[in-house]
Every structure is written in C-alpha cells, then in structure tokens.
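None of the figures in this text is laboratory data; all of them are computed from the coordinates on show. None of these values were measured; they are calculated from a predicted model. Heads up, the Cβs are rebuilt from the backbone with ideal geometry, glycines too, and the neighbour counts pull from every protein chain shown.
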Amino acid sequence: MSAKTEPGAPAPERIESPPENPAPPASEPELRNDASAPPPKPRRRRRIGRIVRWIVTAAILAAAVFVGLRVYNRMQADPGAEVSVYQAAAAERRDIISALSGSGTLQPADSYTVTTLAEGEILSADFSEGDIVEKDTVLYAIDSSGTSNSIERAELTLASARTNYDRQVENLDKLGVVSKNGGYAVTVDVEPGDSVSPGQAIIHLADFSVMTVDIPFLAGDSADFYAGQEAVVTLEDSFETLVGVIAKIGNTNSALSGNVIVRYVTIDVQNPGGISPGHAASAEVGGVQCSAPGEFKYKSESDVTAEIAGDVAVVNVSEGDWVSAGDVVVTLTSTSLGDQIDSAYRSVRDAEIALQNQYDQLDSFTITSPISGTIVEKLFKEGDTLSAGKSLCTIYDMSYLEFTMNIDELDIKLIEVGQEVNVTADAIEGESFRGVVTKLSIQGATSGGVTTYPVTVRIDDAGGLLPGMNINAEIVTESVKGAVAVPIAAVQRGNRVIVNRGGAISELTDIRSLPEGFELVEVVTGVSDDDYIEIVSGLQEGDEIVYARAQTETAVMMPGGDMGFAVGGPGSFEARPAQGGAGGAGGGQMRTQQFGG
C-alpha cells in the first residue's frame, strides 16, 4: 500500500522489483527476420546496464528493509506507539497581531435618486454629472402654469368651510340662552324637556320698579315742557298722587275727539308696588292739566328668545326672579348640533388637505437636492417633457465611504464600535486605508449551520477609493510587540512545550518517553496569529524547543509475517512485499500510522 504525501510534495518514486522469471531475450535470428528492428547492441553493454539496475534496486530494497525493521520493532514494542519526526526552533521575540479578516463592497455615505410627481416641460436643469451640489440646491424647474387656478379654487373652498365651522361652534355657545336685558321674569314659558326652535320667546322680562305712562297735553301747552321736568301723577282709581318725571315729549301732534290737538308726554313714576300695567292716571305739569288720562305700562320689557333649536335641559329662573343682562336663563342640548360641528370640522380638514396637496404639487415643480453630494447620473435635461414618477438624477454623498463585513458568531464578541480597521483594495495596490467600526448588528444570518453578524465600517479618508470597489478588511483584535514566541505547532495539549536541554533530536521518537536532554515544560500562552503564539511565561528568549513536523509512516503486516511499509513526506519512497506474499491463506492485517505535528 502506498503512503500519503504532504500537500505540495513530489510524488514518491516507485521502484518495482524485477520479475522472478524474466522472459528470455529474443534470439538473433528472430531479430534479423524483423526488417524494422534496429541493429542489435553489443551483448556486453546490455549486461552492464542490467547489472547497474540490479545494484540500484538492491540499494533501495536494503534501505526499505532497514526502515521497515525499525518500524516493525517499534510496533512490536508498543503496537499503539506513534513514530514522529521532530524539528527544532528557537523561542524568539516577534510582533504578534491577532486579526479578523473579511471583505466587502464600498458604498457612499448616502445616496439618493431624485424623482418627481410633477408633469410638464423642464424649464431649467443647470447642472452636470460630476458636479458637487449642496442640500436644497435647485436642480430642475418645471412649468407649473396649469396649477394656479386649482390653488385658487382650493383656497376659496377652505375659506367657506372655515366660516361654516365657526358658525357651528358659535351655535354651540348658543345652547346657553342668555338674556340681553335686565328685568324681572314676568313669565317663564318653558320647562325641562321642551323643544324650542330658533327665535322662540321662552321668558318675558319687565322692569316694574319704574312705570311709565303716555299722557296727552294740549300741543301749545306742551311746547314749554322739557325732559326731566317734575310732574304730578294722579291714579284714576284711587286718586292717589305720585311724583313723576318727564322722560320724553312727543314731536308730533295728535287729534283727540272734538278735534283737540295734543302732544303725548311720557312720564316715569317710581312704582310703590301697587301699579300694574293698564292702570289709568292723569297728570299735571307746571300747573297745566292734561287733556286726557293715559295707561301705565312697564318702563322696559323684553323677551328672551332661543337662537338655535334644541331641547330644554335646565331652566335657571322662576317667575318673579330678577334677571341681569348677560345671565344664562335656560340651557339647551342638541345632538344634531354636535353632528353638524363634526361634519363642519371634517370639511375644513378636507379643504386644508386639498389645498396643501395643491401647494405640494406646486412645490414639486421646483426640484431641489435632498442631500449634499456629487451628481453621478443625470437622466433628463432642459426642454424634456416629464411624466410623473420618473427618476431624474442620482446623488452620492461622498463625505465618507462605508462597507459591511460579516463576522463569525465565535468572533463577534471581539468586535467593538470604534475599533480601527485596515482596508486594502485590489484596485489600488500598495496602499492601505484606515476604517472605523461604526455599527454592530444583532441580527445575524445563518447559513450551513454557521451564523455571521454584519459589521459596518466607515472610511473617512477614502483617497482614491470609489463606491462599488471590492475591498479586503482586517480588524486587529489583539497585538503584542517584542513577545517571546514559538511556532503554534510547538505547543501541545495542556500548553506544554518540549525544550531541548542538550539532547539529540534523532533520539526523540515519542513525547511520552523523552530521552535524556529533553524536558516537557508547561507554559502560559497569550496572543497568537496564524503561525506563532506568545509565551507569557515558561520560556525565555533563545530557548530551543522541539516539535513534530508533518511526516507519515505506514507499516503493513502481510500474511505469513511478511511486512510492507511506506514512509511519506518529501523524498519518500514505497517498498512492496514479494509477489508470493500477497493474497496468502489466512488473510493479512494492515495497519497504517500517521505521524506528524
């Protein structure tokens, strides 16, 4: 059985043993009869070549037997023992950097594709691809002449809706019926539960503390009267006299029976309590008697009326109560009024939204840059006609670049916001860039049983990097300078290292039984990279350590006790048992041992 070789090692040379019964060489007559055959070489030269081949074969077989016996003896002593080939190295000082690597595609800090809802001809588009624009810079101006009338109609509709809403709200205040005048409640014409309509009189008020009477005097006599002049008033039914005051003198003449020409004089009298409307009285002013008596009435009286329809909920006064101007005398309720107010409010909001939409549409005819950045694509120019929903241009914010790299779930705990990232790009050889971790996402993605988490990296000084470039990134998680280090392969399970204290490496075959001059030392390790690991304690600089290098030995037990073997690795070869040993009775056993670091 042939041995396995290390990756990259040349395939072992196969040396075949000569056959036991080689065929005899062709006879001279047969060769001569073959007209196409070359002329025969001298017999002596063929014999020398054959002898040389046999010597080389014998040497190789001898070496194979030696190695095979060595393996066989070790297997006889300990069938489970491994035979390794060791190499030496010195503990040396090195800078060790532990890093996580990944890749990604660069993206701009922000990007925006400008679109429009407006339709019409482009009046101006004064920019070009590659231009740097600031936020709110005007990019396109579109003809908006068709929207002016729509805005005016929307404004009128909103004004009408607001007026109607204000009126309904005022009606809400009118549910409390307010007296505009003062006076005593002579009559209260409603009670709780009654329904009233707009303009309906619900309470009659009068001020009966002062009574007034209109009495006729001869027109010639009344010409000398004046307002505020004292008058003596005599009650017709009791002949009681009261002092009154002239409140007003009529401006027109009237004719009584008998064609007596008179003017009416209004006289106010403080009511002592017994005067009521309809009582008759005569008067004398300055010794001049009236021409006829008149009837008393209230000095002031009025009705309290409802301004809106509703149902009486509360009546706040009773007959005979004094009511001052501004008092709420009755409280109404109205379900329909609440509905009307809600409807009016909705009409206002609809009108406001419609008008705002018109304003927005007008604004959409002037298209500005939503961000500061670089124009990377311009799709329309001045004079083009637009339809709604078209993309006009694309803007990149190039103030910084960023990319996302995926970190394995076992390593994500090593990443923190603010960590520096070394970035390189195949497109820019020989140059590296500094990045910073800005975001760790907790939303991982699982594929093939492995979960990774996206990490966002920002590059502020991007140099010649451009969006869309593929980059390689390395995040340094740990580093140490001038550390005592050894190859990672030298540290065995349990953090132990074989230290050479003066022994011969050729005698070292198994770490379980170290020969004289070797010591198994326990060490404390630190930071490691792909090849080396820091030794915090246990070794000193210059200490020689020994470790197994990649090597494979294969031993084959053949039936009848014969043994074949192979040693893999650089410059290895394969030896096979004689043909008679193969496939013998009783079945053979085959054992393969792998040795290496």
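Would you work out which of Val269, Val210, Val232 lies farthest towards the positive end of the dipole of region 176-333, given +1 charges on the beta-carbon of Lys and Arg and -1 on that of Asp and Glu, about the Cα centre? It is Val232. Ranked by how many other Cβ atoms sit within 10 Å of their own Cβ, fewest first, the residues Glu516, Glu352, Glu382 fall in the order Glu516, Glu382, Glu352. Here region 387-507 is treated as a Stokes sphere of Kirkwood radius computed over C-alpha pairs; at 37 °C and 0.692 mPa s its diffusion coefficient rounds to 177 µm²/s. Look at where the Cα atoms of region 92-119 and of region 384-444 average out, and the two centres are 2 Å apart. Residues in region 94-114 near a label at Val536, defined as backbone nitrogen under 20 Å from the 7 Å Cα→Cβ point? Under 20 Å, as judged by backbone N against the label point of Val536, lie 94-99 of region 94-114.
Computed from phi, the 3J(HN,Hα) profile of region 374-383 under the Karplus parametrisation 6.51, -1.76, 1.60 (θ = phi - 60°) reads 10, 6, 9, 7, 10, 9, 10, 10, 4, x Hz, with x in place of Gly and Pro.
Taking the Cα centre of region 96-228 as reference, the dipole from Cβ charges on Lys and Arg (+1) and Asp and Glu (-1) amounts to some 400 debye.
The three principal axes of the Cα atoms in region 176-333 give end-to-end lengths of 58, 29, 25 Å, sorted in falling order. Take Asp237, project a point 7 Å from its Cα along the Cβ direction, then tell me which residues of region 250-281 have their backbone nitrogen under 17 Å from it. Under cut-off, by backbone N: 271-281. Taking amide H atoms as placed 1.01 Å from N in the peptide plane, the amide H of Glu236 lies under 5 Å from those of Ala280, Ala281, Ser282, each 5 or more residues away in sequence or on another chain. Please compute the net charge surrounding Val178, taking Lys and Arg as +1 and Asp and Glu as -1 over other residues with Cβ under 11 Å from its Cβ. Once positives and negatives cancel, what remains is -1. Its Cα gyration tensor gives region 191-237 an equivalent ellipsoid; the semi-axes, largest first and in whole Å, are 41, 14, 10. For the pair Leu466 and Ser441, a Förster radius of 22 Å applied to the C-beta separation gives a FRET efficiency near 0.35, rounded to the nearest 0.05. Using alpha carbon centroids, what distance separates region 446-499 and region 502-531, in Å? Their Cα centres are 28 Å away from one another.
With the simple model of a label 7 Å out from the Cα in the direction of the Cβ, Ala292 to Gln87 spans 14.8 nm.
What does the charge count near Tyr345 come to, summing +1 for each Lys or Arg and -1 for each Asp or Glu among other residues with Cβ under 13 Å from its Cβ?
-1
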